[in-house]
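The values are calculated or read from the model by the stated rules, or taken from the named source; none is laboratory data. Quantities reported herein were computed from a predicted structural model and do not represent experimental measurements. Glycine gets a Cβ as well: all are built from the backbone with ideal geometry, and neighbour counts include every protein chain shown. Note: areas computed on protein heavy atoms with side chains; ligands, DNA, RNA excluded. Shrake-Rupley method; radii C 1.70, N 1.55, O 1.52, S 1.80 Å.
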Amino acid sequence: MKKEFRDLLKERGRKELPKVLLASAECAPLSKTGGLADVVGTLPKSLAKLGIDARVITPYHRCIKDKYASQVQHMFYFYVQLGWRREYVGIEKLELDGMTVYLVDNERYFGDKIYRSEYMEELEQYAFFTRAVLDAIPNLDFKPEIVHCNDWHTAMIPMLAKTQYPGGMQSGLKFLLTIHNIAFQGKCSFDTVQDLLGVDSKYYTPEFMELDGCANFLKGGLVFTDRINTVSPSYAEEIKMPYYAEGLQGILNARAGQLSGIINGIDKDVFDPRHEAGLPAHFDKGHRKGKAQCKAALQERLGLEQRPDVPLFAMVTRMTEQKGFDLVACVLDDLMSREDMQFVLLGTGDERFENFMRAAEYRYKGRLCSYIGYSEPLSHLIYAGSDFFLMPSRFEPCGLSQMIAMRYGSLPIVRETGGLRDTVIPYNQYTGEGDGFSFSNYDAWELRDAMRKALDCYRKPEVMEGLIRNAMSKDFGFDRSAEEYAKLYVWML
Ligand code: ADP
């Protein structure tokens, strides 16, 4: 154990590091739709290196069943009451790469989709998961001291534990709630929460879980959890302001003393330009011949003109307004028609953005490719083969893609918000400092100027060399984040 942890434990009057149970809707590599899964799947492994036993509880989605059923061990089962229904809960256990995962099994709620497309069905899915986790905890072969909840899907766990389980669930059990994205809050009528989770009507007030005439899962969690955290220090500040808080600024300002931010990390073994089997060639910051080969392979794969000298911009993303697609839509034609550049997009999401990008591909055949879909292997080739990576987000709690891009020597072009602001140092033409490009306001012309600045640098090999080296030298491994979480856990006890 590191000396600073030993000292911290001594200061807090403890001998051992805390035991933690992470509750989450998704967990990579078992189930994943976005960054939440990456964090929950990586944190326990990094915490284990520090001596912390952190386990995960997550739904037994069909995608997990299909792949891992033979490795899963059945633990026990019970029934929970959800509204008028009595529902089966199976608790299965899976050991995967040194991580212990408890899987909550119920075929009605956890089938093909991690999140049901019908909003009320999704809400019921995670109301069920909340109840199942609460009732499973006392019977697990593991006694957590902290339950670490993530986003609205598990936010009601602290509220129900403190209001419905007399005397508390377990003496001294503490709750941490991490906000990965405040835009999703789990809103519904109070009748629905009362029906599904038996919440007392005295909690349907602005002091507790009411917000704008709705019951709000995330707000309920923020009121009752012991500690609140989010995934970057800048986002922790931003969500106290109305522009970013999506209505929750009141409770977040009231609890500002218990709110902090820890930047996420990435799994350096999964994103590894030096060894990754899926890449056509390998490289590191000192030897980048392999990167040029990856660029050629990417151009070939996506039907782009085979030109090593042309600057290649990329995006790998969910196609939503959050990710700044309206800005991209505004400046893309201007740039593509005036500049010698290529553009690659991998993503799915809002139909209007998908259609815009499909049409753009038609207009700029051979220079622009829109791959509408989800593909892990292609995403790695894009990170490895591109020169610049675009993230002009309206808001970005942390963002993993900019860190991944830097690891592969693709320079990020970002809006200065949330985790993007905390991880990218903008190029300073006077000092030569920096590892990417940024702009401040959510404004299409500012994005265009930042992209033009990047194009300018591309024509100056010595500047590019410095920026790429800076970007590839950064350590975004999860171990650094895990240490911050470990300290936070110890503080909580
Ligand atoms: P968010 O969690 O908001 O979607 P992040 O940047 O935190 O954004 O994480 C996104 C993760 O999902 C990255 O690992 C990125 O490579 C991956 N990703 C996003 N869209 C796709 C896609 N269409 N295909 C493959 N990977 C994707």
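Observations, loosely collected:
- Descending semi-axes in whole angstrom, ellipsoid equivalent of segment 359-418, from the Cα gyration tensor: 21, 15, 12
- Extension gain for Lys202-Glu484 works out to 97.9 nm (0.36 nm per residue, less the C-alpha to C-alpha distance).
- Rounded tilt (10° steps) of 325-338 against the dominant C-alpha axis of the chain: 10 degrees
- Helix 351-363 vs. the chain, principal-axis angle (Cα, 0 to 90°, nearest 10): 20 degrees
- Computed lengthening from Tyr165 to Asn139, 0.36 nm per intervening residue step minus Cα-Cα distance: 7.9 nm
- Accessible area of the chain belonging to carbon and sulfur atoms, whole % at 1.4 Å probe: 49 percent
- Sum of side-chain charges, Leu304 neighbourhood, beta-carbon under 11 Å (Lys, Arg +1; Asp, Glu -1): +2
- Shown is the FRET efficiency for Arg255 and Asp340, computed with R0 = 60 Å from the Cβ-Cβ distance and rounded to the nearest 0.05: 0.70.
- Segment 108-136 and segment 431-469 have their alpha-carbon centroids 44 Å apart.
- Magnitude of the charge dipole for segment 62-206, about its Cα centre and with charges confined to Cβ atoms of Lys, Arg (+1) and Asp, Glu (-1), is about 240 debye.
- Relative contact order, percent, the chain [alpha-carbon distance under 8 Å, six or more residues apart]: 13 percent
- Relative contact order for segment 1-108: 21 percent, from Cα pairs under 8 Å spaced at least 6 residues apart, divided by residue count.
- Projected onto their three principal axes, the Cα atoms of segment 1-62 cover extents of 44, 15, 13 Å, largest first.
- In the chain, the calculated helix contribution to ellipticity at 222 nm averages -12000 deg cm²/dmol per residue, counting -39,500 (n - 2.57) for every DSSP H run with n ≥ 4.
- Rounded to 10°, Cα long-axis angle of helix 119-136 versus longest principal axis of the chain: 50 degrees
- Taking Cβ atoms as reference points and 10 Å as the exclusive limit, the residues near Leu196 contribute a net charge of -1, counting Lys and Arg as +1 and Asp and Glu as -1.
- Semi-axes of the equivalent ellipsoid for the chain, Cα gyration tensor, largest first, Å: 40, 24, 23
- Neighbour net charge for Ala314 - beta-carbon separation under 12 angstrom, K R +1, D E -1: 0
- Between segment 247-324 and segment 367-415, the alpha-carbon centres lie 4 Å apart.
- The ratio of the alpha-carbon radius of gyration of segment 210-282 to the globular-protein estimate 2.2 N^0.38 Å is 1.62.
- Of all DSSP beta bridges in the chain, antiparallel share, percent nearest 5: 30 percent
- Cross-link pairs exceeding 24 Å between alpha carbons, from the set Lys289/Lys323; Lys174/Lys474; Lys45/Lys67; Lys268/Lys295; Lys45/Lys219: Lys289/Lys323; Lys174/Lys474; Lys45/Lys219.
- The modelled label-to-label distance for the pair Arg459/Thr320, using points 7 Å beyond Cα in the direction of Cβ, is 3.9 nm.
- Projected label points at Ala329 and Ser473, each 7 Å from Cα along the beta carbon direction, are separated by 4.1 nanometres.
- Amide H contacts for Leu22 (H built 1.01 Å from N in the peptide plane; partners 5 or more residues away or on another chain; cut-off under 5 Å): Arg55, Val56, Ile57, His148.
- Accessible surface ranking that places the most exposed of Tyr119, Tyr102 first, with a 1.4 angstrom probe: Tyr119, Tyr102
- Segment 289-473, relative contact order in percent, only Cα pairs under 8 angstrom and at least six apart counted: 21 percent
- Between Ala48 and Tyr243, full extension at 0.36 nm per residue minus the direct alpha carbon distance yields a gain of 66.4 nm.
- Distance between the modelled labels on Glu376 and Val270, one decimal in nanometres: 0.7 nm (7 Å Cα→Cβ projection).
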